[in-house]
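Coordinate-derived values only; no laboratory data. Worth saying up front: this structure is predicted, and the values here are computed from it rather than measured. Every residue, glycine among them, receives a Cβ derived from its backbone with ideal geometry; neighbour counts consider all protein chains shown.
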Amino acid sequence: MEQAPLRPLGDVMTLIETLGHEVTYAYEDLVFINHNDFLLQFDATDPNALDLFFNTECETAEADEIAGRMIPEAAQKGLNIRRKGTYTMTEAEDNNLQITFNP
C-alpha cells in the first residue's frame, strides 16, 4: 500500500492566520476556513500544491482580494496555490455536509 505524502498543514495554517483567517477544520484533503468564504484542497500528488475554491456566497471583490494576497504569500512559503473555482455547501442527511465543486 502506497503511503500518502505528508501534507504541510502547519504551514497552511500559518499562512491562513497571516492573512487574518483561521483554519477551523481539516478533513482528509480539505482545509476549512472560518466563515466558509473559501476552502483549500490538497493536490493528490504534490503535497505543496493546493486548490483554492471560494464559496459561491463570497463576493467576487472579496475573493479577488483574498486570492491576490494568498497566492504570493504562499509562494514565499514554498506552497503553490491555484485558484480553481467555487463551491457550494449544503446539509445532507444525518447532519452531514455535501460540498459541490464548480470549476
Problem set entry | Under-5 Å amide H pairs with Phe38, H placed in peptide plane, nonlocal only | Ile33, Asn55
Seminar exercise, completed: For semi-axes √(5λ) of the Cα gyration tensor in Å, with candidates (i) 23, 14, 12; (ii) 39, 12, 11; (iii) 20, 19, 12, the value calculated from the shown model is option (iii)
Exercise. Tell me, what is the percent relative contact order of the chain, built from C-alpha pairs under 8 Å that lie six or more residues apart?
Worked result: 19
Exercise. How far, in nm, would the chain grow between Tyr25 and Asn102 when pulled straight, counting 0.36 nm per residue and subtracting the alpha carbon separation?
Worked result: 25.6 nm
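What ranking do 31-44, 88-101, 63-76 get when scored by the average of other Cβ atoms within 10 Å per residue, highest first? Intermediate results must be reported in sequence, preceding the final value.
On the way: 31-44: 17.6, 88-101: 10.0, 63-76: 14.8.
In descending order of packing, they fall as 31-44, 63-76, 88-101.
When the dipole is taken about the Cα centre of the chain, and only Lys, Arg (+1) and Asp, Glu (-1) are charged at their Cβ, what size is it in debye, to the nearest 20? Before the final figure, lay out the partial values.
Working: 6 positive and 19 negative charges, 82 e Å.
Dipole magnitude for the chain comes out near 400 debye.
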